[in-house]
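Visitor: Pasting in a structure now, in structure tokens, and then I'll have a few things to ask.
The values are calculated or read from the model by the stated rules, or taken from the named source; none is laboratory data. Please read all numbers here as calculations on a predicted model, not as lab measurements. Because the Cβ atoms are built from the backbone with ideal geometry, glycine has one as well, and the counts that use them run over all protein chains shown.
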Amino acid sequence: MQIIACPTCEQDVQWDMNHLQKLGERWVMACEKCGDPFFSVSEEEKEMILAGIRLTEAYVPDIIHAYDSEDVKNLPSRVGFEEIKKSN
Ligand SMILES: [Zn+2]
């Protein structure tokens with residue numbers, strides 16, 4: 001879940017794909033403050049997005065949590081960009 005600024009009233013609203021509401025043929029996320037449906041997808045798009053989120057949660061390691069639990073002082077601090085320099 002993320003907090004975004006509503007494009008209409010610019011107040012902080014929760015961005016949560018699990019809170020999509022069915023509105024006719026579309027799935028919308030409405031601002032909890034002004035009620036503006038600032039995000040709208042079709043059934044197919046919603047399924048694709050949710051499938052993408054599930055894939056991400058299943059297969060992408062939790063980098064932030066990994067860094068939290070690591071002693072980062074012991075990790076190499078030098079980062080190289082040699083490949084990028086060569087291709088330039
Ligand atoms: Zn709003």
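Visitor: Which pairs turn up if I take residues in segment 30-57 that are within 10 Å of Cys6 (Cβ to Cβ) and in a helix (DSSP H, G or I) and look for partners that are within 11 Å of the ligand (Cβ to nearest atom) and hydrophobic (A, V, I, L, M, F, W, C) with beta carbon separation below 9 Å, at least 6 apart in sequence or on another chain?
Guide: No pair meets every condition.
Visitor: Keeping to segment 1-33, report how many residues are farther than 26 Å from Glu57 by Cα and of a type in the set (Gly, Ala, Ser).
Guide: Residues flagged as farther than 26 Å from Glu57 by Cα and of a type in the set (Gly, Ala, Ser) within segment 1-33 amount to 1.
Visitor: Further question: Test Asp36 against the criterion of being over 25 Å from Thr56 (Cβ atoms) and within 12 Å of the ligand (Cβ to nearest atom), and give yes or no. Give the steps one after another, and end with the answer.
Guide: On the way: over 25 Å from Thr56 (Cβ atoms): yes; within 12 Å of the ligand (Cβ to nearest atom): yes.
Yes: the conditions hold for Asp36.
Visitor: Select from segment 34-88 the residues that are among the hydrophobic types (A, V, I, L, M, F, W, C) and modelled with pLDDT under 65 and list them in ascending order.
Guide: Across segment 34-88, the qualifying residues are Val72, Leu75, Val79, Phe81, Ile84.
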